[in-house]
Amino acid sequence: LIMTTEVDKKNACKIANILLGEKLIPCVTFKSVESQFWWEGEINKSKEIQLIIKCKELNIKKVCRKICELHSYEVPEIIYFPVSSNENYQNWVNSF
């Protein structure tokens, strides 16, 4: 599972469509979130779109590189971690 945030739905969809189109991922979910963070010496608040990206382990590095390449932020949040799922879903994710 890979998570990142984008400034808006348009940019989130751009990343998702390219990852899907290149068959690096089978699925992505979008969620509206509010974030607070330090940036350039100040606390900022922002409404963002969170991308929850499903990906087989073999493609994690490729997906992360592609996100960095396409992302609108200077320092994009890219968090990934292993997850467990039911066998049928896992087989589907691993088929990509």
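Provide a single number: the residues in region 36-53 that are open to solvent by less than 70 Å² (accessible area, probe 1.4 Å) and either touching a helix residue (DSSP H, G or I) at 6+ places or on another chain (Cβ under 7 Å) or closer than 22 Å to Tyr80 by Cβ (or both).
Within region 36-53, the subset open to solvent by less than 70 Å² (accessible area, probe 1.4 Å) is 41, 44, 46, 48-53.
Among the residues that remain, those that are also either touching a helix residue (DSSP H, G or I) at 6+ places or on another chain (Cβ under 7 Å) or closer than 22 Å to Tyr80 by Cβ (or both) are: 46, 48-53.
Total meeting the criteria: 7.
Kindly list, by first and then second residue, each pair from a residue in region 58-80 that is within 17 Å of Ala12 (Cβ to Cβ) to a residue that is among the hydroxyl-bearing types (Ser, Thr, Tyr) and open to solvent by 80 Å² or more (accessible area, probe 1.4 Å), limited to pairs with Cβ atoms under 9 Å and residues at least 6 apart or on different chains.
Qualifying pairs under 9 Å: Val63/Tyr80; Cys64/Tyr80.
If a residue must be part of a loop (DSSP other than H, G, I, E, B) and touching a residue at least 24 places away in the same chain (Cβ under 8 Å), how many such residues does region 1-57 contain? Lay out the reasoning, then the answer.
Of all residues in region 1-57, those part of a loop (DSSP other than H, G, I, E, B) come to 1, 7-8, 22-26, 40-41, 55-56.
Now narrow it down to the ones that are touching a residue at least 24 places away in the same chain (Cβ under 8 Å): 1, 7-8, 22-26, 55-56.
Residues meeting the conditions: 10.
Return the only residue of Asn91, Asn11, Asn86 being on the phi < 0 side of the Ramachandran plot and either in contact with a strand residue (DSSP E or B) (Cβ under 7 Å, 6 or more places away or on another chain) or surrounded by 13 or more Cβ atoms within 10 Å (Cβ to Cβ) (or both).
So the residue among Asn91, Asn11, Asn86 that is on the phi < 0 side of the Ramachandran plot and either in contact with a strand residue (DSSP E or B) (Cβ under 7 Å, 6 or more places away or on another chain) or surrounded by 13 or more Cβ atoms within 10 Å (Cβ to Cβ) (or both) is Asn11.
If we scan region 75-82, do we find a residue that is open to solvent by less than 50 Å² (accessible area, probe 1.4 Å) and either assigned to a helix (DSSP H, G or I) or not hydrophobic (A, V, I, L, M, F, W, C) (or both)?
Yes, the conditions are met somewhere in region 75-82.
Only one of Val63, Val28, Val33 is open to solvent by less than 60 Å² (accessible area, probe 1.4 Å) and over 15 Å from Ile2 (Cβ atoms); which?
Within the list Val63, Val28, Val33, the selection yields Val33.
The values are calculated or read from the model by the stated rules, or taken from the named source; none is laboratory data. Keep in mind it's a predicted model, so treat the numbers as computed, not measured. Glycine gets a Cβ as well: all are built from the backbone with ideal geometry, and neighbour counts include every protein chain shown. For the accessible areas, the whole protein counts, side chains as well, though only heavy atoms, and no ligand, DNA or RNA atoms are used. Shrake-Rupley method; radii C 1.70, N 1.55, O 1.52, S 1.80 Å.
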